[in-house]
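All of the numbers you see were taken from the coordinates with simple rules; none came from a lab. Since the structure is predicted, the reported quantities are computational estimates derived from the model, not experimental observations. Note: ideal-geometry Cβ built from the backbone for every residue, glycine included; neighbour counts use all protein chains shown.
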């Protein structure tokens with residue numbers, strides 16, 4: 001019996017992500033199976049399920065790491081920072097993380113836009129992130145409803161900035177787009193524009 005050594009090669013997670021994205025692009029999300037993803041990556045279905053709960057999670061597996069990063073950044077913001085400034089700085093700091101995976105982010109967003117099930121999952125992910133940010137703001141002493149309003153506003157800026165970044169690669173980097181969008185939000189709220 002000849003063993004397929006590819007299943008023990010490093011970076012199984014990355015290979016699975018790449019295989020999934022290729023298949024989702026070629027065949028569509030709905031038409032792609034876990035077995036096909038694993039086979040394309042040269043791995044077993046069992047290995048796939050070590051890394052991902054289902055085929056959707058290939059697209060959403062970084063959500064908990066993103067949430068942890070943002071919450072930690074909100075908590076670490078200077079005590080003198082306003083709630084919105086703390087949230088803005090935390091979300092802007094994610095820009096570099098996304099820039100490193102721009103192609104993946106672009107392909108991922110196209111898949112989400114084309115699939116209502118994935119759109120629903122994305123909305124849930126954003127709602128969970130907003131609740132976590134609101135919790136971090138409450139830990140900083142921000143009372144309700146201010147904490148939740150600020151968190152939701154931050155998520156709206158993030159979402160709109162992300163869409164603009166994906167749609168127009170020439171627009172600039174995500175961090176700058178978010179920074180500009182937070183300035184726009186503040187100007188709209190204060191009424192200076």
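Taking 135, 95, 62 in turn, the Gaussian network model of the chain (Cα-Cα springs below 10 Å) assigns the largest fluctuation to 62. In terms of surrounding Cβ atoms within a 10 Å radius of their Cβ, 161, 148 rank from fewest to most as 148, 161.
Helix 174-190 and the longest principal axis of the Cα set of the chain meet at an angle near 30°.
How big, in percent, is the set of alpha carbon pairs in the chain lying more than 26 Å apart?
Details: 7494 of 18528 pairs.
In whole percent, the long-distance tail amounts to 40.
Axis of helix 146-167 versus longest Cα principal axis of the chain: the two differ by about 50°, to the nearest ten degrees. I'd like the distance between the alpha-carbon centres of region 52-93 and region 122-146, rounded to an integer number of Å. One Cα centre to the other: 10 Å.
Put in order of Cβ neighbour count within 10 Å, fewest first, the listed residues 24, 51 become 51, 24.
Cβ crowding within 10 Å ranks 21, 178 as 21, 178, fewest other Cβ atoms first. Our summary gives the chain a relative contact order of 19 percent, counting only alpha carbon pairs under 8 angstrom and 6 or more residues apart.
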